[in-house]
Amino acid sequence: MSRSERLLDLLQVLRRHRRPVSGVVLADEIGVSIRTLYRDIASLQAQGAAIDGEPGVGYVLKPGFLLPPLMFPPEEIEALVLGSRWVADRADGHLRDAARNALARIAAVLPPELRDELDASALLVGPGVSIPVDSVDPALLRKAIRTEHKLSLSYRDGAGVGSERVVWPFALAFFDQVRVLLGWCELRQDFRSFRTDRIAHAEALDARYPKRRQTLLKQWREIQGISHGDK
């Protein structure tokens, strides 16, 4: 492992710990000596990383720190390119443009040799089944999820029967052929999933729902028997 890769790994480990963590634990996680760890911490601090702490006390990375232009391993570059290409091909227009812009931002801070590798990636996304066209803008659904606001939906089920719902949206799931909004339905008093192509109308309400979306997602995962490590 190169030194640049080691520094990046150290940053990622620090990101996982929200509370101060000892140098011994950090050194063990990235597989270096405690002396090497102290040097790496000092190097990152010199590069502008907002790392608080000292030997014997522990270290914590302040929220909001942006990664400096460190080296990416080839597999991480391939993952970024493949993921961005999938989003550009299978998501809506807003996310497609966001994926392309994000990849361009990453390319702008990469060293020239890695930028060339990103541009020349041979991992391609093959054509898939056409996704049904949505009547509502998915950006509206995503904003309601981010801001934890209720949604008023006009929805048609698989048999074409319409209903009016007020839901607490907490996630949007992307499948090969459909997109599905997950939410707590006030009409059914239970979790429900809504295919976005069957939503005839959606309106974000002023009212915020009474639970955090992370709490709703956790409860839904538990009911579905899905662990945090699952897709």
For this session: May I ask you to verify whether Leu82 is modelled with pLDDT under 80, open to solvent by 50 Å² or more (accessible area, probe 1.4 Å), in contact with a Leu (Cβ under 7 Å, 6 or more places away or on another chain) and not charged (D, E, K, R)?
Result: no
Exercise. In the range 147-156, is there at least one residue being open to solvent by 50 Å² or more (accessible area, probe 1.4 Å) and within 14 Å of Ile199 (Cβ to Cβ)?
Worked result: yes
Exercise. Hey, Arg221 hits all of (1) open to solvent by less than 90 Å² (accessible area, probe 1.4 Å); (2) under 30 Å from Pro73 (Cβ atoms); (3) of a type outside the set (A, V, I, L, M); (4) under 24 Å from the mean Cα position of the chain (by Cα) but one; which does it fall short on?
Worked result: (2)
Problem set entry | Pairs where the first residue, in the range 31-54, is outside any helix (DSSP H, G or I) and the second is of a type in the set (S, T, N, Q), C-beta under 8 Å, 6+ apart | Ile51/Gln45
Problem set entry | Positions within the range 103-124 being loosely packed, with under 15 Cβ neighbours inside 10 Å and either under 16 Å from Ala139 (Cβ atoms) or in contact (Cβ under 8 Å) with a residue 40 or more places away in the chain (or both), in sequence order | Val109, Pro111, Leu123
Exercise. With respect to the numbered conditions (1) more than 21 Å from Asp176 (Cα to Cα); (2) of a type outside the set (Phe, Trp, Tyr); (3) touching an Asp or Glu at 6+ places or on another chain (Cβ under 8 Å); (4) open to solvent by 60 Å² or more (accessible area, probe 1.4 Å), which one is the sole condition not fulfilled by Val129?
Worked result: (1)
Problem set entry | Set Arg212, Arg192: member being under 30 Å from Asp89 (Cβ atoms) and among the basic types (Lys, Arg) | Arg192
Exercise. Can Tyr59 be described as at pLDDT 90 or above, surrounded by 13 or more Cβ atoms within 10 Å (Cβ to Cβ), of a type outside the set (Val, Ile, Thr) and in a strand (DSSP E or B)?
Worked result: yes
Problem set entry | Leading residue by the ranking (modelled with the lowest pLDDT) among those in the range 86-140 that are charged (D, E, K, R), in a helix (DSSP H, G or I) and under 17 Å from the mean Cα position of the chain (by Cα) | Arg105
Exercise. If you check Gln214, Gln189, which single one turns out to be polar (S, T, N, Q), closer than 30 Å to Gly83 by Cα and open to solvent by 60 Å² or more (accessible area, probe 1.4 Å)?
Worked result: Gln214
Problem set entry | Qualifying position, being farther than 29 Å from Gly128 by Cβ, open to solvent by less than 70 Å² (accessible area, probe 1.4 Å) and at pLDDT 95 or above, among Ala204, Ala200 | Ala204
For this session: Any residue in the range 144-161 that's under 13 Å from Glu203 (Cα atoms): show its pairings with residues that are assigned to a helix (DSSP H, G or I) at Cβ separation under 7 Å, as long as the two are six or more apart or on different chains.
Result: Ile145/Arg213; Leu151/Ala144; Tyr155/Arg198
Seminar exercise, completed: The lone condition Asp52 fails out of (1) touching a Phe, Trp or Tyr at 6+ places or on another chain (Cβ under 9 Å); (2) charged (D, E, K, R); (3) open to solvent by less than 60 Å² (accessible area, probe 1.4 Å) is (3)
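The values are calculated or read from the model by the stated rules, or taken from the named source; none is laboratory data. In this text the structure is predicted, and so the values were computed from the model without any measurement. Counting neighbours? That spans all protein chains shown, and the Cβs are built from the backbone with ideal geometry, glycine included. Areas reflect the complete protein model, heavy atoms only, side chains present, ligands, DNA and RNA absent. Shrake-Rupley method; radii C 1.70, N 1.55, O 1.52, S 1.80 Å.
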